[in-house]
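To keep things clear, I will list the structure first and then write my remarks on it.
The values are calculated or read from the model by the stated rules, or taken from the named source; none is laboratory data. The structure presented is a predicted model; accordingly, all values stated were derived computationally and were not measured. Here the Cβ is made from the backbone with ideal geometry for all residues, glycine too, and neighbour counts use every protein chain on show. The area values use the complete protein model at the heavy-atom level, side chains included, leaving out ligands, DNA and RNA. Shrake-Rupley method; radii C 1.70, N 1.55, O 1.52, S 1.80 Å.
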Amino acid sequence: MAGPRMTVVAALQVGTGLPVERILAYEDEIRGASLVVLPEAVLGGYPRGGPFVEYFRASVTVPGPETAALAELAARTGATLVVGVIERDGSTLYSTAVFLDPHLGLVAKHRKLVPTARERLVWGRGDGSTLPAVPTAAGLAGAAICWENHMPLFRAAMYAKGVEIWCAPTADDREVWQASMRHIADEGRCFVISACPYETSGDDPFRGGSVIVGPLGEVLAGPLRDAEGLITAEIDLDDVVAARHSLDVSGHYARPDVFSLTVDERPRDGVTFLR
């Protein structure tokens, strides 16, 4: 019989709108973890109402030089990185989570489906074509950005993909966010890694609150408040298997004869050329 599947996962709590070099400076801390989650909008910055042209210029392309630098960081440390960026595609910006594999580089991205409140003034809406479940050394990983975590049907879709590591880059530093992360871990019987920004400048400071939660809703590390830094937890993927014995919301605890969900994963481009 195989032994425990132990690994170390982490959340890196830093500010938003950083130059990529600030992330690279955490190389020594990241080394030793198999998967590290960073907050929403680390590259590009959270929107604060300044000139849009400046904000647009601060965004990144995916792929691009910034994701190439992060891929090299993943290769040097052996850690899969899940990083929140502001992605520029044409003249539209998206809040995006990119997945950087230590061997394969940029392997996937997820664009936020619904921007919240003022975010809608500057960010576009993703579609179903970027809902990846990514194999990593830490387990099968997916991402839900900030208040996507409050979308029940989004959660149901990701649970059905078998996600074991739920990555939650966010900009929500409220106390109630901790309850949401614990609920998702318990509901999905998965490990949850949430990374929130910490920054004190500007009109909207972020206090942090990065946290790692186990598949029965138990807090394994954090929440980290009022500081920049890395939190880590050693996890055993067999805990996911054991937890789903009693609750598997897309398996034996589902009622497909009563409820159904259809997920459209086709790209929804604004213009389609037929040839």
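When the helix-only estimate is applied to the chain (DSSP H runs of n ≥ 4, each -39,500 (n - 2.57), divided by the residue count), what is the mean residue ellipticity at 222 nm, nearest 500 deg cm²/dmol? So the helix-based figure for the chain works out to -5500 deg cm²/dmol. This model, with +1 at the C-beta of Lys and Arg and -1 at the C-beta of Asp and Glu, gives segment 13-72 a dipole about its Cα centre of some 220 debye. Per residue, the solvent-accessible area of the chain (1.4 Å probe, heavy atoms of protein chains only, all protein chains present) comes to 46 Å². Computed over protein heavy atoms with a 1.4 Å probe, the carbon and sulfur contribution to the accessible area of the chain reaches 54%. Between HIS252 and HIS183, what is the label-to-label distance in nm when each label sits 7 Å out along the Cα-to-Cβ direction? That separation, rounded to one decimal, is 2.6 nm.
I want to make sure I understand the PRE zone here: with the label point 7 angstrom from the Cα of ASP204 toward its beta carbon, which residues in segment 90-132 have backbone N atoms less than 14 Å away? Residues 95, 115-124 qualify, since their backbone N sits under 14 Å from the label point. Within the listed set TYR46, TYR26, TYR198, the residue fluctuating most in the Gaussian network model of the chain (springs between alpha-carbon atoms under 10 angstrom) is TYR26.
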